Every structure is written in structure tokens, then in C-alpha cells.
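To start, the structure under review is shown below, and the notes come after it.
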Amino acid sequence: MKRLLGRLDEYQQRRRWLAFPLAVNKKFGDDQAGNLAALIAYYGFFSLFPLLLVLVTILGFALQGNPSLQHDILNSTFKQFPVIGDQLQRNVHSLNGNALALTIGLVGTLYGGLGVANAAQNALNEVWDVPRSKRPGFLPRLTRSLLLLAVVGGGILVATLVNGFAAGRSGVDPVKVGAFVLATALNVVLFVVAFRVMTARDVAVRDLVPGAIVAALAFQVLQIVGGYYITHTVKNASSTYGFFAIVIGLLAWIYLQAQVLLYAAEVNVVRVRGLYPRALFPPPPTDADRRAYQQYADAEDRVDTAAADAGEVDANREPARGPAR
């Protein structure tokens, strides 16, 4: 059995088309990215309703004179949640009150909805093995999260409208195909921006494009098969959990999207750092294994080593003597 596994390992290491995806999957496991995706899904679930409240309220003010456009935007947004979008739309309503109370409510609701952005930042920093000593503090992290929600959230609305327009046309025609291509291109740009904003490491934009393309295509596929997936999940859970099956379906949907996001990010990391081929049944480890293990160790650095070394040198330096009296 060992000889057989060794031959299989050698076979995949010599073939890039096989070694690369296996290396991506191995790094996904090494980073415990499944747990990171679960954390994103947890915060995403609790952030979903506050962010939808903010969206509905802002649209109510900004498009007060155009209820038709407001209705179209909301419909397109809730269609991103197959099967359960109708339940969400019926239970999310605009915030009301005087200007001061409404402002306080919006700020508080938005702050409560930042959990998913913060969780995504943490996950991307883990994937890129950013040392803990170099990760942003509270204010920089909050700024990145707000920027992510403003830029990416606005772009998602545009892409959602384009997707909704394409899905609303019957049959297959050049306009529908063009709309899907445009929506996919917009999603690629959005994922590049999201990967760049959420990562505390200086990564060139061109190095983020392959993973963004993977994520954009995967999300388009998810929108196509999402209805079946959610229906299947809710159907299996409803007999046991009843009403809570809707909650389980929503959590499963968010978790699936979070996994796709992190797999796409791993594609960028493995490609940029040449972390393939990996040994599936070590020993012996490959050069890519050794580089990966070193990066995992560096990511656990909780003290800025360069700054600490400089401080130690200053502390050990002989104090300057004053002029002799």
C-alpha cells in the first residue's frame, strides 16, 4: 500500500494540472479554512439582517421619488438567496423615526453588520500567512471593513441588477448572454477589490486576478444551482427541524459561499508563492512543503521581530557619556 501511495504521489507531483488543485486543497486544509468559512458564515448570518435593514432604509430615502427602481433593486438583491429570498423580503422593513434617532439607528445597525467583513479580513490574513504582529489594529480594521462594505456592496448591487435583468428575460438571446458576461466581469473586479482590501499584505493586483476569476465563475454557477441546493437542504431538514429548516438553509448557503471565497483566495496564494507540488503522503516533503511550513511558522509571530531586535540593540548599547568634569 505504501508503494502504491508513493507512486500516486509521484504521479501527481510530476503533472502541474493535477498538482496545482491538490496543493490548493491541501493548503485549504492546512489553514483550517473550513473553520474560517464557518466563522464567516456565523457572522454573515447575524450581519445579514442589519445590513439589509441599512440597505432598505437608504434606498427608501435615496429613491423616495422612484419606488419602481427601489422595488427592482430590492427584488434583485433578495434573489441572491434562492428559495428563502421571499421570506427575507417579507421580514425586512425600513427603519423609521426622527433624523437623530434614525442616524443613531443606522450607525448602530451598520456597526453590528461589520462582523462578516472583520471575519473575512481575519480569514484572508490567515490564508496569506500574515504574521499576527503585522495585522491591522481596531481602527485600521474598521476602516477596511467600512471601505469593503461601501465599495464592494455598491458593486454587488450593480452586478445583482445586471443578473436580475438577464434572469428576467425568457429564452437565450445575445442580450441575456451579454448581461451574464457583464455581470461576471463586474464580479471579477469586485473580488479583486475585496481580496486587496481584506488582505493586510501588499499583494500586486495582477496576482489577485486568477482567484477573482475563479470566485466570479463559481458564484455564477452557485446562482444557477443554488435553488436546487437550498431546496434539497431545506427539504431534508424540514422533517426534523420544522420552521428552523429555513435558518439551516440560509446558514448552509452562506457557508458554501464563504468556502468558495476562501478556495479562490488559496488559488492566488499557491500560485504566487509557488506552493506546489505538495507531498500528499510524506515523507519526504517537497520544496513547496518546506516553504509552506516556514510560512505557517512565520504567521504565528506575535511580536514584530525587526522592531524587537532594534529595541534590544538600543537597550544593550553603552549609554553615551557626558563631558568629563
Checklist entry - Which members of the stretch 255-302 meet the condition of being small (Gly, Ala, Ser), assigned to a helix (DSSP H, G or I) and in contact (Cβ under 8 Å) with a residue 60 or more places away in the chain? => result ALA258, ALA264, ALA265, ALA288, ALA292, ALA299
Next on the checklist: One residue is enough: does the stretch 272-281 have a residue meeting the conditions at pLDDT 65 or above, surrounded by 11 or more Cβ atoms within 10 Å (Cβ to Cβ) and under 30 Å from LEU182 (Cβ atoms)?
Outcome noted: yes
Next on the checklist: Can you tell me which of (1) modelled with pLDDT under 75; (2) open to solvent by 30 Å² or more (accessible area, probe 1.4 Å); (3) more than 24 Å from GLN259 (Cα to Cα) is the one LEU157 doesn't meet?
Outcome noted: (3)
Item to check | Selected residue (criterion: modelled with the lowest pLDDT) from residues of the stretch 112-148 that are more than 28 Å from TYR296 (Cα to Cα) and surrounded by fewer than 19 Cβ atoms within 10 Å (Cβ to Cβ) | outcome: GLY112
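Can you tell me which of SER47, SER76 is in a helix (DSSP H, G or I), open to solvent by less than 40 Å² (accessible area, probe 1.4 Å), at pLDDT below 75 and closer than 20 Å to ALA194 by Cβ? Walk me through it before giving the result.
Numbers: SER47 fails: at pLDDT below 75.
Exactly one of SER47, SER76 is in a helix (DSSP H, G or I), open to solvent by less than 40 Å² (accessible area, probe 1.4 Å), at pLDDT below 75 and closer than 20 Å to ALA194 by Cβ, namely SER76.
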Checklist entry - at pLDDT below 50, more than 25 Å from ASP202 (Cα to Cα) and part of a loop (DSSP other than H, G, I, E, B): does that describe ALA324? => result yes
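The values are calculated or read from the model by the stated rules, or taken from the named source; none is laboratory data. Nothing here was measured: the structure is a model prediction, and the numbers come from that model. For neighbour counting, all protein chains shown are included, and Cβ atoms are generated from backbone atoms with ideal geometry for every residue, glycine included. The protein model used for the area step is the full one, side chains on, heavy atoms only, and it has no ligands, DNA or RNA in it. Shrake-Rupley method; radii C 1.70, N 1.55, O 1.52, S 1.80 Å.
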